[in-house]
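Values quoted throughout were computed directly from the atomic coordinates according to the rules given, and no laboratory measurement underlies them. Every value quoted in this text rests on a predicted model; they were computed, and no experiment measured them. Neighbour counts run over all protein chains shown; Cβ positions are idealised from the backbone, glycine included.
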Amino acid sequence: MQENLIKNMVRVGVVTAVNKSERKARVHFPDMNIVSDFLYILKSSSFIPEKDVRQKTEIAEAHTHDLKISPYLPNVNDKVLCIFIPCEGGDGFILGGI
């Protein structure tokens, strides 16, 4: 029974839709042939600057490169690792890409 509990808590699926403003995505689980409701996407570390703002990095004086840093958001068709709270109708979360 505990093996089934863990198997249903941790799942691998493929993203079918992304809501960037709410940081949520829907995931298809091929082994069960179901699509989740929108799942929360874990936030990236707080040191990452605002999404889609151009950044620069300086390697040496007068030597710079443009740099763009964005918090993690999966794209449609990305394979992701998800975890669910083990209760009836438990919420799920996208931990990250695989």
- prompt: How many nm is it between the label spots at K43 and F29, if each spot is 7 Å from the Cα in line with the beta carbon?
  reply: 2.7 nm
- request: Name the long-range amide H neighbours of Y72: under 5 Å, sequence gap of 5 or more, or other chain; modelled H, no Pro or chain starts.
  value: S44
- prompt: Where in segment 70-98 is the amide nitrogen less than 18 Å from a point lying 7 Å along the Cα-to-Cβ axis of N8?
  reply: 82-93
